[in-house]
Amino acid sequence: MQVIVERGANAVEALPRGLRENRVMAETIENNVRRLIIDEMAINPKYYETMFHLLAALSQQRQ
């Protein structure tokens, strides 16, 4: 996630070749965001619960 924040759209080129595939990249980003949401859930449970449900809906659409 930090690479994407720092490098923007060009971050994809800096990733290892296996991660550049759309499916693999989407799953990696999804897992990182899910972990971040779970880590931050204690700080603001209502907000991050909403984010968790949005991520689940996006994941379902992607599949």
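The values are calculated or read from the model by the stated rules, or taken from the named source; none is laboratory data. Please read these numbers as outputs of a predicted model, since none were measured by experiment. Neighbour counts are summed over all protein chains in view; Cβ atoms, including those assigned to glycine, are modelled from backbone coordinates with ideal geometry.
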Go through (1) part of a helix (DSSP H, G or I); (2) at pLDDT 70 or above one by one and return the number of the condition Val12 breaks. (2)
Six or more apart or on different chains, Cβ atoms under 9 Å: show the pairs whose first residue is in the range 12-32 and of a type in the set (Val, Ile, Thr) and whose second is modelled with pLDDT of 70 or more. Val12/Met25
Collect the residues in the range 52-63 that are surrounded by 14 or more Cβ atoms within 10 Å (Cβ to Cβ) and either modelled with pLDDT of 90 or more or among the aliphatic types (A, V, I, L, M) (or both), keeping them in residue-number order. Phe52, Leu55
Look at the range 33-51 and say how many of its residues are of a type in the set (A, V, I, L, M, F, W, C), surrounded by 15 or more Cβ atoms within 10 Å (Cβ to Cβ) and under 15 Å from the mean Cα position of the chain (by Cα). 3
